[in-house]
1. With each pseudo-label sitting 7 Å past Cα toward Cβ, what's the Thr92-Arg5 distance in nm, one decimal?
2. Describe numerically, in nm with one decimal, the distance between label points set 7 Å from Cα along Cα→Cβ at Ile15 and at Glu37.
3. Could you tell me what % of all Cα pairs in the range 8-47 have separations over 15 Å?
4. What does the accessible area of Tyr17 come to, in Å² to the nearest 10, when a probe of 1.4 Å is used?
5. At a threshold of 8 angstrom on Cα-Cα distance, excluding pairs fewer than six apart, so keeping six or more, what relative contact order does the range 1-49 reach in percent?
Amino acid sequence: MKTIRLYHPHTHEGIAYDPPPEGIELIVNDADAAVLEAWGLTTPPPALADATTAPAADAPVADAPLTDAVVVDATPPRHDRRARVAVDLSSTEPAVDTTTRSA
């Protein structure tokens, strides 16, 4: 058995994990640990930018109306690693011609 730290959303042994940014510790067998490491789920997300330098969007702007304010989210989005599949929901039946008038 091996202790790993899971940093990304994953379902393991029927339990769905959505760990916080600092991750969660799990005790798994060696084979599961190797798979989770190979999938990159044990790699911490990239570090946030240094908080000592304020982004340009946070700098005060003179004479700018409040309606032009830009909201900047300092936290990068968390990405779900599940596959996304596009499904064509359009009908397979031929379209009915409704532009012709009946006599």
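The values are calculated or read from the model by the stated rules, or taken from the named source; none is laboratory data. No experiment lies behind these values; they were computed from the predicted model shown. Cβ placement follows ideal geometry from the backbone for every residue including glycine, while neighbour counts extend to all protein chains displayed. Side chains included, ligands, DNA and RNA excluded: accessible areas come from the protein's heavy atoms. Shrake-Rupley method; radii C 1.70, N 1.55, O 1.52, S 1.80 Å.
1. Reported label-point gap for Thr92 and Arg5 is 5.0 nm.
2. 2.1
3. 38
4. Estimated to the nearest 10 Å², Tyr17 gives 50 Å².
5. Over the range 1-49, the number comes to 45 percent.
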